[in-house]
Amino acid sequence: MHFKDIQRVPGDPILGLIEAYAVDPNPNKFDLGVGVYKDAMGLTPILRSVKLAEQRLVDSQTTKTYIGGHGQARFGTLISELVLGKDSPLIAHKRVGASQTPGGTGALRLCADFIANCLPGRGIWLSDPTWPIHESIFGAAGLKVSHYPYVGSDNRLNVEAMLATLNQVPHGDVVLLHACCHNPTGFDLSHDDWRKVLQVVRSRNLLPLIDFAYQGFGDGLEQDAWSVRLFAEALPELLITSSCSKNFGLYRERTGALLVCTDTTEKLMDVRSQLSATARNLWSNPPDHGAAIVAEILGDPELRHMWAAEVEEMRGRIAQLRAGLVEALTPLGLGKRFAHIGVQRGMFSYTGLNDDQVARLRHEHSVYLVSAGRANIAGIDAARLDSLAKAIAAVC
Ligand code: LMR
């Protein structure tokens, strides 16, 4: 038998929770696992702007033919403007190119293979902790994966330790930074911290890869891009992965982009030729439906306005849930202990709950968190904050 030596591996640490939650018969269960936004009804609705754009596409699209390795040029331009700003000198000087990818995860994988193929010998440095799939994607591409400290066992951001380690990174290595809404911790760098990181990146001649998966979920669409734009304008070369899964709610459409910034247009063409050859071996042509929706929205002032308001609504709701959870924990004597939930940004919170407490929450209270205590705050039902707080108190 050909398959007889194949062993079963554990389920995905995040996606596996979707199935476990679905089969839990407890009507009072909480899904704080996978990073998906839920509204006041507990639903993950299709955004109104997306529905309208989709309808327009159904009515006007005339072909489903291949779109080429980099995807639609219009999507590429609009996503570059969203990330870097409409007036970015990089766009004006044709120093940035976007490749359409299957989600931000696809962009990361394309980037990983690009580094492995075109920058041999370069290691990649990830924050400790980071999104677990960062670890596996770069490992799967054969890169040497190392870590810089970010949030320690005291559940605090440790910028000094981060900078000290980055100062030791071999020249030329790649350093992955989360633009905003750090996954899994929710702890973001301040503007001052970003400037310090930039200084080290420059002095060690590191190549930054900025993962920008949550634009609009932290402090706003423009505000969240601050760090990316700082780096893009200060450095000759930069890699950025952008995701439309969360801010457009296009999770299953797999929509994202890898943006490459180079010092010259000529070099951009060299790099893009490599990216399209690499993508050919991965997925040939990127999926198009989600990207076509995004282009329709960003390219139409009315739809764009509607979409920006919808993103703001999601962002505001997450901020309220953060404050609401701390408030609900306060009468239980836990307000101070969990005050960081109100300070963190984006969908996720490193709550500080340990694996044992996470397991008890799941088995005794049907509250589903990712291991190491990551909670998807955007999945909380606001009407049941008190019962969630009581469940947390019961395991503390
Ligand atoms: C998450 O971290 O929950 C999201 O980014 C979804 C995913 O693909 O893991």
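The values are calculated or read from the model by the stated rules, or taken from the named source; none is laboratory data. In this text, all values refer to a predicted model and were calculated from it rather than measured experimentally. Neighbour counts run over all protein chains shown; Cβ positions are idealised from the backbone, glycine included.
Couple of notes before you dig in:
- Of all positions in the range 27-36, none carries a residue that is over 27 Å from residue 135 (Cβ atoms), surrounded by fewer than 11 Cβ atoms within 10 Å (Cβ to Cβ), away from the ligand (no atom under 16 Å from the Cβ) and not assigned by TED's automatic domain parsing to the domain that holds residue 355.
- Residue within the range 51-58 that is under 30 Å from residue 317 (Cβ atoms) and in the same structural domain as residue 292 (by TED's automatic domain parsing) present: no
- Residue that is farthest from residue 46 (Cα to Cα) [pool: residues in the range 200-251 that are of a type in the set (A, V, I, L, M, F, W, C) and in a strand (DSSP E or B)]: 207
- Top-ranked residue in the range 116-133 [being of a type in the set (S, T, N, Q) and not in a loop (DSSP other than H, G, I, E, B); ranked as farthest from the ligand (Cβ to nearest atom)]: 117
- Residue that is surrounded by the most Cβ atoms within 10 Å (Cβ to Cβ) [pool: residues in the range 221-247 that are over 15 Å from residue 97 (Cα atoms) and within 14 Å of the ligand (Cβ to nearest atom)]: 244
- Filter pass, residue 349 being surrounded by fewer than 19 Cβ atoms within 10 Å (Cβ to Cβ) and within 16 Å of the ligand (Cβ to nearest atom): no
- Taking first residues from the range 380-396 that are under 19 Å from residue 35 (Cα atoms) and not assigned by TED's automatic domain parsing to the domain that holds residue 33 and partners that are among the aliphatic types (A, V, I, L, M) and not in a helix (DSSP H, G or I), no Cβ contact under 9 Å between residues at least 6 apart in sequence or on separate chains turns up.
- Any hit, the range 213-222, residues being farther than 30 Å from residue 36 by Cβ and either assigned by TED's automatic domain parsing to the domain that holds residue 370 or not charged (D, E, K, R) (or both): no
- Checking the stated criteria, residue 81 turns out to be acidic (Asp, Glu), under 30 Å from residue 268 (Cα atoms) and under 25 Å from the mean Cα position of the chain (by Cα).
- Matching residues in the range 352-380 - criterion: being small (Gly, Ala, Ser), at pLDDT 95 or above, within 16 Å of the ligand (Cβ to nearest atom) and within 16 Å of residue 187 (Cβ to Cβ): 373, 375
- Filter result for residue 21 (in contact (Cβ under 8 Å) with a residue 12 or more places away in the chain, within 14 Å of the ligand (Cβ to nearest atom), within 28 Å of residue 348 (Cα to Cα) and not in a loop (DSSP other than H, G, I, E, B)): yes
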